[in-house]
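Beneath this line is the structure, given in structure tokens, with notes to follow.
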Amino acid sequence: IEGGSMPRTARKQSGSSVYHIVNRGAGKQIIFEDDADRAFFMKKLEALLDEEGGTLLAWCLMGNHFHLLATIPFERLNELMHRLQTSYAGYFNRVYGHVGAVFEGRFKSEPVETDEYLMTVVRYIHENPRKGGVYNGLDYSWSSYREYCGKKGYADTSFVLDVFGGLSQFKTFHDAQHQDERCLEARE
């Protein structure tokens with residue numbers, strides 16, 4: 001369409017109700033300045049998932065983007081993310097005197113419908129800090145990897161650990177050599 005913008009692509013529904021969700025800061029700006037920002041985001045996410053009938057399976061907060069893996073009814077996904085991003089943007093703008101958009105448009109999501117891809121996405125999320133050069137190990141404090149190893153947190157780890165066959169297999173899969181996997185990225 002000449003002079004017009006392309007219509008948005010329809011969001012794909014997952015038959016499993018599992019979604020990998022990402023977004024980043026507008027103009028690639030930092031959206032989490034410190035641990036208080038991350039804690040606010042995670043507490044809000046936890047409350048909204050409870051209200052919207054969702055469950056957090058894995059997550060990682062980087063400086064300028066986030067990755068979430070959640071089960072949520074398709075018809076609640078947009079509402080959940082709209083409320084989360086609106087609330088966080090209001091918080092961020094108040095705290096930092098920022099004006100304007102905090103996030104780069106609407107969030108991105110992809111359905112996760114097979115056990116194999118679920119395992120791949122979980123590993124991809126947990127490796128994000130290492131691949132981004134932020135942290136050298138897997139036990140980055142603002143991801144769910146530590147929760148899978150026994151630390152209490154935000155994620156419900158039981159479903160994913162069942163898919164892996166237990167904690168030992170989960171760790172082995174994360175430690176195994178593998179090709180760079182293609183998953184939904186904040187920069188796409």
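Within the option set VAL163, VAL134, being open to solvent by 80 Å² or more (accessible area, probe 1.4 Å) and of a type in the set (A, V, I, L, M) holds for one residue only, VAL134.
Against the numbered list (1) touching a helix residue (DSSP H, G or I) at 6+ places or on another chain (Cβ under 6 Å); (2) of a type in the set (D, E, K, R); (3) closer than 23 Å to GLU147 by Cα, ARG83 comes up short only at (3). Only one entry of ALA89, ALA70, ALA58 meets the criterion of being free of Cβ contacts under 8 Å to residues at least 24 places away in the same chain and touching a strand residue (DSSP E or B) at 6+ places or on another chain (Cβ under 9 Å), and that entry is ALA89. Out of the stretch 97-120, which residues are part of a loop (DSSP other than H, G, I, E, B), open to solvent by 80 Å² or more (accessible area, probe 1.4 Å) and in contact (Cβ under 8 Å) with a residue 12 or more places away in the chain? Scanning the stretch 97-120 gives ARG106, GLU113.
Out of ARG94, ARG123, one residue alone is more than 23 Å from GLU52 (Cβ to Cβ) and either in contact with a His (Cβ under 9 Å, 6 or more places away or on another chain) or open to solvent by less than 30 Å² (accessible area, probe 1.4 Å) (or both). It is ARG123. In the condition set (1) over 15 Å from the mean Cα position of the chain (by Cα); (2) at pLDDT 90 or above, ASN128 is compliant with all but (1). Residues that are in contact with a strand residue (DSSP E or B) (Cβ under 8 Å, 6 or more places away or on another chain) and not aliphatic (A, V, I, L, M) within the stretch 28-43 comprise PHE32, ARG38, PHE41, listed in sequence order. Answer yes or no as to whether ASP35 is under 15 Å from SER143 (Cβ atoms) and not hydrophobic (A, V, I, L, M, F, W, C). For ASP35, the condition - under 15 Å from SER143 (Cβ atoms) and not hydrophobic (A, V, I, L, M, F, W, C) - is met.
The values are calculated or read from the model by the stated rules, or taken from the named source; none is laboratory data. Quick caveat: nothing in here was measured; it's all calculated off a predicted structure. As a convention, Cβ positions derive from the backbone with ideal geometry for all residues, glycine included, and neighbour counts pool all protein chains shown. Side chains are part of the model used for accessible areas, which takes the heavy atoms of the whole protein and leaves out ligands, DNA and RNA. Shrake-Rupley method; radii C 1.70, N 1.55, O 1.52, S 1.80 Å.
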